[in-house]
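The values are calculated or read from the model by the stated rules, or taken from the named source; none is laboratory data. Note that the structure is predicted; figures quoted are calculated from it, not measured. Note that we place each Cβ from the backbone using ideal geometry, even for glycine, and neighbour counts take in every protein chain shown.
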Amino acid sequence: MKVVIIGVNGFIGHSLLARILNTTDWEVFGTDLNSDRIQPWLNSSRFHFEQGDIRKCRNWVNHHVCIADVALPLAACARPSEYIRDPIAIFELDFEENLGIVRECLRHDTRVIFPSTSEVYGMSRDMPFNEETSAFVFGPIAKQRWIYASCKQLLDRLLWAYGEQGLQFTIFRPFNWFGPNLDNVDAPGHGSSRVVAQFLGHLLRRETIRLVEGGRQKRCFTYIDDGIDALMRILAQRDETTAGRIFNIGNPGAHVSIRDLAHTMIRVLSEFPGHTEIAQNAAIQEISATEYYGAGYQDTEDRVPDITNIRTALGWFPRVSLTEGLRRMTAFYLQDPAVACSANSASARLSI
Ligand code: UGA
């Protein structure tokens, strides 16, 4: 099988690349702005990489969408602080560029596996969020945080509509995936990474962890290996089991408040030789959402995936607990600090 991954150096992109090359005989074509995460695979005969900006290498993207069996458009910015700082850039990249790729898939009859987001459920009060029945609830326009979710939900709707014209698609919704190489733990700014990388960076630099609105809001954190396992099952199953379907991919068993996440991360860090003292002295402070992100922020209070659909269709369920996942992620950064330090600046990352 030929797979094209647009945004192959991203957190999901490079993890998927590794799994494909390690466990299948598939060929991968990939493009990204950066290549720091994919260094180990650049010499593989089954991986063909083009470094560049998808906004400028449309010919490469269109050609490879044409020759591939399946496309994964993973180029996007997925950090809430950026949704508020530069909402137009989110629209231009996350929506416009990806819409162009989806249209190419339709034109060339290439299957597309599209990354939606847990954020599309917004502030829905459903518990858990279901792909077929939950309504999307977003805040007012001045709350720019919702531009990312709005872009993604409109793309989901377009995929659905193009599906009626013959587009072969599967939509997946990651719920707070985390693991090695999630964003850049070395980025010093607040809001420069998603929360697990953000907290780990603060801990390792002996900085204060900031709990937005006291950290009462809850998420379900999903370890990357579980997420990739689900994606591999979707990739391998090209029939009515996956065609035209939407799947939540998350770990309902790892449902914690952000405050509890911080304490669990400190406890996990204390297990590592030489880091007990850092963990004992870890400082936590509460901060208002406006102070941390600015006035354009509004949060999802709670987010739990209903995973009945993917469990029934593909037999998938998460296996890695939050604590075990945090242990593996912490070990990765402690054993290989060069990986964290060599990463490009968080603002340059445009793939999920
Ligand atoms: C994320 C991002 O929008 C996307 O990466 C993605 O599509 C989706 O959710 C997902 O991964 O499922 P969110 O969970 O709000 O959104 O993003 P984080 O930045 O990881 O924040 C999680 C929570 O931690 C938020 O409530 C935030 O306010 C809080 N937080 C974050 C803190 O309390 N302190 C910090 O320093 C950073």
Collect the residues in region 101-150 that are among the small types (Gly, Ala, Ser), without any contact (Cβ under 8 Å) to a residue 24 or more places away in the chain and away from the ligand (no atom under 16 Å from the Cβ), keeping them in residue-number order. Ala135
Out of Ala282, Ala340, Ala262, Ala346, sole residue that is within 14 Å of the ligand (Cβ to nearest atom), modelled with pLDDT under 95 and not polar (S, T, N, Q): Ala346
Tally, over region 209-237, of residues that are β-branched (Val, Ile, Thr) and more than 10 Å from the ligand (Cβ to nearest atom): 3
Determine if region 184-191 includes at least one residue that is touching a Gly at 6+ places or on another chain (Cβ under 9 Å), of a type in the set (A, V, I, L, M, F, W, C), at pLDDT below 95 and buried (at least 23 other Cβ atoms within 10 Å of the Cβ). yes
Please list, ordered by first then second residue, the pairs with beta carbon atoms under 7 Å, 6 or more apart or interchain, first in region 209-222 and at positive phi, second at pLDDT 95 or above and part of a strand (DSSP E or B). Gly214/Glu286; Gly215/Ser257
Can you name every residue in region 179-208 that is near the ligand (Cβ under 8 Å from one of its atoms) and not charged (D, E, K, R)? His190, Gly191, Ser193, Val195, Val196, Gln198, Phe199, His202
Step by step: first the residues of region 262-292, then only those that are among the hydroxyl-bearing types (Ser, Thr, Tyr) and out of contact with any Phe, Trp or Tyr (no Cβ under 9 Å at 6 or more places or on another chain), then the one that is nearest to Met127 (Cα to Cα). Which residue is that? Thr264
I'd like the residue in region 256-289 that is of a type in the set (S, T, N, Q) and surrounded by 16 or more Cβ atoms within 10 Å (Cβ to Cβ) and, out of all such residues, is nearest to Glu207 (Cα to Cα). Thr264
Out of region 21-50, which residues are surrounded by 15 or more Cβ atoms within 10 Å (Cβ to Cβ), over 18 Å from the mean Cα position of the chain (by Cα) and within 20 Å of Gly227 (Cα to Cα)? Leu21, Thr24, Trp26, Val28
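For every residue, the table says whether it meets (1) over 28 Å from Asp69 (Cα atoms); (2) crowded, with 18+ Cβ neighbours inside 10 Å; (3) of a type outside the set (S, T, N, Q).
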residue: Arg173; (1), (2), (3): no, yes, yes
residue: Val195; (1), (2), (3): yes, yes, yes
residue: Gln198; (1), (2), (3): yes, yes, no
residue: Ile209; (1), (2), (3): yes, yes, yes
Would you please name the residue that is nearest to the ligand (Cβ to nearest atom), looking only at residues in region 285-321 that are touching a residue at least 60 places away in the same chain (Cβ under 8 Å) and among the charged types (D, E, K, R)? Asp299
Scanning for something surrounded by fewer than 20 Cβ atoms within 10 Å (Cβ to Cβ), within 23 Å of the chain's Cα centre (by Cα), part of a strand (DSSP E or B) and at negative phi, does region 290-300 turn up at least one residue? no
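Keeping to region 51-100, report how many residues are in a loop (DSSP other than H, G, I, E, B), away from the ligand (no atom under 16 Å from the Cβ) and crowded, with 23+ Cβ neighbours inside 10 Å.
So the answer is 1.
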